[in-house]
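The values are calculated or read from the model by the stated rules, or taken from the named source; none is laboratory data. For clarity, every value in this text was computed on a predicted model and none was experimentally measured. Methodologically, a virtual Cβ is constructed for each residue, glycine included, from the backbone with ideal geometry; neighbour enumeration extends over all protein chains shown.
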Amino acid sequence: MGGVMLLALVLGRRRSAVPALCAAVLVLLMVDPSLGNDPGFALSVLATGALVLLAPGWSAALRRHGVPPGIAEALAVPAAAHVITAPVVAGLSGQVSLVAILTNLLATPAVAPATVLGVLAAVVAVLHPGAAVVVVHLAGPAVSWLVGVGHQGAAVPDGVLRWPDGAFGALLLALIVAVGLLAMRAHRLRVLAAAGLVGALLVLVPTRFVSPGWPAPGWVMVACDVGQGDAVVLATAEPGRAILVDTGPDPGPVSACLDRLGVRRLALIVLSHLHADHIGGLVGALRNRAVSAVALGPGRSPPWAMAEVLRTAAVARVPVVALTAGQRLSWPGLGLDVLAPLRDPPPVGDHQAEVDGTAVNNTSVVLRANTPAGRVLLTGDVELDAQADLLVTRTDLRADVLKVPHHGSRFNAEEFLAAVRPRVAIVSVGAHNSYGHPSQHVLDTLAEKGASVLRTDLDGDIAVVGSPRLQVVSRGNALRSP
């Protein structure tokens with residue numbers, strides 16, 4: 001897509017860019033029809049079209065209002081690309097970014113060197129791998145800048161607005177964008193649109209960014225909304241210091257959750273097991289925080305995940321320690337008992353165990369936390385066999401709060417849930433995930449047993465408050481008493 005634009009500009013025929021873009025799309029689809037289902041291809045085409053059709057007019061309008069030419073183009077390009085691609089992104093992710101224009105603006109200086117040197121490295125690698133390595137190192141600073149901007153943009157608290165996903169969400173946002181673009185063409189409509197935007201900001205900003213009562217005073221546990229994954233924060237009696245159990249799939253959400261809670265020091269990060277939705281955010285948890293140690297259970301599969309955890313911890317100069325069943329850990333205001341795993345982990349390199357994931361799930365670290373709000377049972381992703389192990393050994397599973405195993409999947413035994421008898425059950429799960437989590441049967445079973453069930457996909461961050469009695473509050477919502 002960049003080549004199409006460059007060719008049109010070099011030839012001095014900007015108007016030929018649209019026909020060239022259409023021709024390029026048709027040729028590529030004929031060569032590789034699978035591109036028709038490729039989101040990246042669709043986004044590239046839309047962004048390039050935006051640069052051809054919208055950016056020049058927007059840049060000219062900014063210049064007419066006294067904005068210097070360089071700044072006008074720098075603002076118009078990412079704004080046009082974002083506006084046109086936002087419906088597709090919303091349909092794919094169920095989110096609309098509120099910081100995309102700024103992050104793209106910051107990333108722009110590094111795009112050209114990273115792209116040119118990256119392509120050059122790929123070409124040179126065929127002829128001389130050693131020379132290609134040198135080119136890759138030259139591209140390193142630019143790529144590092146892009147990655148850093150991405151991480152920081154993802155970590156901005158409330159940097160995204162939730163939106164309906166799928167075709168409906170994409171079409172709804174496309175309709176809003178189309179109406180907005182048409183409104184900009186008439187002066188009176190521009191005034192009305194500006195007034196509407198200001199009004200929306202006056203309503204949305206206070207409700208999204210100035211959520212009264214968050215973090216909830218006296219919180220002892222918070223289940224962070226990190227999408228399809230787990231990240232649970234346990235408070236100690238020392239302000240700003242906490243324990244983190246799992247880190248979710250991505251660095252941004254867990255880092256933002258810890259920032260919102262004011263957690264600057266982590267006495268321990270426990271990784272219940274080595275699946276990506278529990279370790280993927282480790283970099284974000286470590287970023288700009290004093291961390292005493294990262295703790296793992298006996299499982300070492302999958303090997304790539306173990307290597308990634310060790311590498312990330314080494315870069316942050318944080319030691320990695322082992323946890324085994326029977327251990328007891330304590331800090332002021334918080335005690336942890338390690339209840340599981342009770343079975344041997346699958347051998348490293350066991351391909352079948354890594355493919356289906358059940359054996360790895362069943363070696364999850366299970367923790368019983370003693371907090372001012374009562375007992376909290378953190379269960380990782382233990383499934384039926386590991387739950388049966390805990391029941392057979394007559395482990396005391398009773399808890400006031402249960403982090404429901406494996407995102408509320410159907411692999412939860414009714415006997416296990418009955419043994420816990422929670423007053424509050426929290427399901428950490430991503431919206432519209434492809435796994436069918438949580439199971440309606442499990443939710444109904446918990447409700448029948450008297451538990452108040454909350455879900456991060458519906459309630460966002462969920463805090464447990466211990467004073468004067470056990471209560472739960474989801475971010476931005478009122479307190480509930482189970």
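Scan segment 248-275 for residues that are within 21 Å of residue 321 (Cα to Cα), outside any strand (DSSP E or B) and touching a His at 6+ places or on another chain (Cβ under 9 Å) and the total you get is 2. Taking segment 286-370 as the region of interest, the helices (runs of 4 or more DSSP H) fully inside it that hold 3 or more residues being touching a helix residue (DSSP H, G or I) at 6+ places or on another chain (Cβ under 9 Å) and surrounded by 13 or more Cβ atoms within 10 Å (Cβ to Cβ) are 303-315, 358-361.
Out of 309, 232, 291, 245, one residue alone is at pLDDT 95 or above, more than 30 Å from residue 469 (Cβ to Cβ) and touching a Lys or Arg at 6+ places or on another chain (Cβ under 9 Å). It is 291. If you filter segment 384-411 down to residues that are surrounded by fewer than 24 Cβ atoms within 10 Å (Cβ to Cβ) and charged (D, E, K, R), you find that the one that is nearest to residue 218 (Cα to Cα) is 400.
Close contacts from segment 45-64, counting a first residue that is in the same structural domain as residue 75 (by TED's automatic domain parsing) and in a helix (DSSP H, G or I) and a second that is surrounded by fewer than 21 Cβ atoms within 10 Å (Cβ to Cβ) and among the acidic types (Asp, Glu), with Cβ to Cβ under 6 Å and a gap of 6+ residues or different chains, come to 59/73. Are any residues in segment 163-188 loosely packed, with under 14 Cβ neighbours inside 10 Å and at pLDDT below 85, and if so, which ones? Once the filter is applied, which keeps residues that are loosely packed, with under 14 Cβ neighbours inside 10 Å and at pLDDT below 85, segment 163-188 yields 166, 179, 181, 182, 185, 186, 187, 188.
When 120, 106, 146, 102 are checked against the criterion of being without any contact (Cβ under 8 Å) to a residue 60 or more places away in the chain, in the same structural domain as residue 171 (by TED's automatic domain parsing) and farther than 22 Å from residue 48 by Cα, a single residue qualifies: 120.
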